[in-house]
Amino acid sequence: MSRPKNDTFLRALLKEPTDYTPLWLMRQAGRYLPEYCETRKRAGNFLNLCKSPTMACEVTLQPLARYDLDAAILFSDILTVPDAMGLGLYFAEGEGPRFERPLREEWAINNLTAPDPHEHLGYVMDAVSEIRRALDNSVPLIGFSGSPYTLACYMVEGQGSSDFRHIKGMMYGRPDLLHKILSVTADAVTAYLNAQIDSGAQAVMIFDTWGGSLSNAAYQEFSLAYMQRIVAGLKREKDGQRIPSIVFTKNGGLWLEKIAAIGCDAVGLDWTIDIGEARRRVGDKVALQGNLDPNVLFAPPEVVAAEAKKVLDSFGRGNTGHVFNLGHGISQFTPPDSVTALVEAVHGHSRMLRT
Ligand code: CP3
């Protein structure tokens, strides 16, 4: 199997030379696009959309039809894994994700097992294969999962949280129980990502949205250690092509060197850290992905362009090792034209930096 026609994203992750800086956007298929809202309406709700390979494929391709993006990301959600573990995921309209059966009791934790991804998450694997067929080798497809700690936050809290009192209570009071959850979840995520790779994902990303809420020591013990275990268990190659991995801890700037040392190919950055400084800190060890504040997209196009250039200039010259992205998911209120301005600025300015 050969690389996609536009393999700039894969080249940047592997620190091979590129003609320009590739970009994609976290949550690039989402509610800021009217065509996404249309499809979602047809699906009835968000979870139906995730569980229909044909509609998941349709929305995955929507941002690529509008914008000159350098990668597609599987349309799904990180919470499909705990759903497959039997926790009963649902989305209360306007309230975000919820679990019918939050994981708090010792007996339930002891009964937790890693689902077989082909058996229990077959709809995701079908979406991956369908998207690969539809992409027809134009740009690479990114597969993804949540980090064990981030998944555990939702599993234990039963929903999003502003203080994480249930999971942190467990972490300090019964660390053995949390380690048990994290261990089973790490096995589940490893199998899930490898199944996505088998089905056609050409790079994989681990989203650690909540690791950054932990203390220094707790981050390393309860989040990073499990991501390291996953990365060590990932298939590194498929059909002779290397499958790069990206690890993104939101608010993880403090641990940059440590994240870069777990064996991943790239580290995702939120907007709180200067990407030039991040580059100096990690040296040649990994590529970097990021890191524009998503709220820049609420400013006029010329400001969007100027802010994108600042990120590129800060990363500096050297024609490789940077994948441009936002520092977190794109807001549902983003004007779609802001993304047009962003894509033009990133491609245009990065080409200029290489001359
Ligand atoms: O990046 C992409 O385009 C791929 C799709 C993707 C979604 N969620 C689609 C989605 C990815 C990679 C995710 C990851 C995800 N899901 C994370 C980690 C990244 C992050 O954003 O921090 C988390 C924590 C979740 C859990 C989740 N899913 C929450 C908290 C919510 C509600 C938030 C909101 O914006 O309402 C979701 C729903 C969700 N996942 C939407 C999308 C497009 C919006 C759902 C809708 O259409 O109503």
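The values are calculated or read from the model by the stated rules, or taken from the named source; none is laboratory data. Being a predicted model, the structure only gives us computed values, none of them experimental. Glycine also receives a Cβ, built like all others from the backbone with ideal geometry; neighbour counts cover every protein chain displayed.
A few notes on this one:
- Every residue from region 95-117 that is of a type in the set (A, V, I, L, M) and either assigned to a loop (DSSP other than H, G, I, E, B) or within 11 Å of the ligand (Cβ to nearest atom) (or both): LEU103, LEU112, ALA114
- Lone qualifier among GLY122, GLY94, GLY88 - being free of Cβ contacts under 8 Å to residues at least 24 places away in the same chain and either buried (at least 20 other Cβ atoms within 10 Å of the Cβ) or closer than 30 Å to LEU13 by Cβ (or both): GLY122
- When region 18-32 is limited to residues that are away from the ligand (no atom under 12 Å from the Cβ) and within 20 Å of LEU74 (Cβ to Cβ), the one that is surrounded by the fewest Cβ atoms within 10 Å (Cβ to Cβ) turns out to be PRO22.
This table checks each residue for (1) under 30 Å from GLU119 (Cα atoms); (2) more than 8 Å from the ligand (Cβ to nearest atom); (3) surrounded by 19 or more Cβ atoms within 10 Å (Cβ to Cβ); (4) of a type in the set (A, V, I, L, M).
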residue	(1), (2), (3), (4)
PRO34	no, yes, no, no
LYS41	yes, yes, no, no
ASN48	yes, yes, no, no
PRO53	yes, yes, yes, no
ALA56	yes, yes, yes, yes
GLN62	yes, yes, yes, no
LEU69	no, yes, yes, yes
SER76	yes, no, yes, no
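- Filter result for GLY200 (closer than 15 Å to ILE259 by Cβ and either surrounded by fewer than 17 Cβ atoms within 10 Å (Cβ to Cβ) or in contact with a strand residue (DSSP E or B) (Cβ under 8 Å, 6 or more places away or on another chain) (or both)): no
- Against the test of being modelled with pLDDT of 95 or more and closer than 21 Å to LEU10 by Cα, the options ASP265, ASP313 yield a single qualifying residue, ASP265.
- Criterion (at pLDDT 95 or above, in contact with a Gly (Cβ under 7 Å, 6 or more places away or on another chain) and hydroxyl-bearing (Ser, Thr, Tyr)) met by exactly one of SER215, SER223, SER183: SER223
- Filtering region 312-355 to residues that are within 14 Å of the ligand (Cβ to nearest atom) and aliphatic (A, V, I, L, M) leaves VAL323, LEU326, ILE330, VAL339.
- Hey, ILE78 within 21 Å of the chain's Cα centre (by Cα) and within 24 Å of PRO336 (Cα to Cα) or not: no
- Any hit, region 290-312, residues being surrounded by 21 or more Cβ atoms within 10 Å (Cβ to Cβ), over 20 Å from the mean Cα position of the chain (by Cα), more than 30 Å from GLU221 (Cα to Cα) and not aliphatic (A, V, I, L, M): no
- Segments classed as helices (runs of 4 or more DSSP H), wholly inside region 199-309, with at least 2 members that are within 16 Å of the ligand (Cβ to nearest atom): 225-233
- Hits in region 136-147 - residues which are on the phi < 0 side of the Ramachandran plot and either within 13 Å of the ligand (Cβ to nearest atom) or more than 19 Å from the chain's Cα centre (by Cα) (or both): SER138, LEU141, ILE142, GLY143, PHE144, SER145, GLY146, SER147
- Number of the condition not met by ALA92 [criteria: (1) at pLDDT 95 or above; (2) within 11 Å of the ligand (Cβ to nearest atom); (3) among the aliphatic types (A, V, I, L, M)]: (1)
- The set of residues in region 280-300 being on the phi < 0 side of the Ramachandran plot and touching a Gly at 6+ places or on another chain (Cβ under 7 Å) consists of ALA287, LEU288, GLN289, ASN291, LEU292, ASP293, PRO294.
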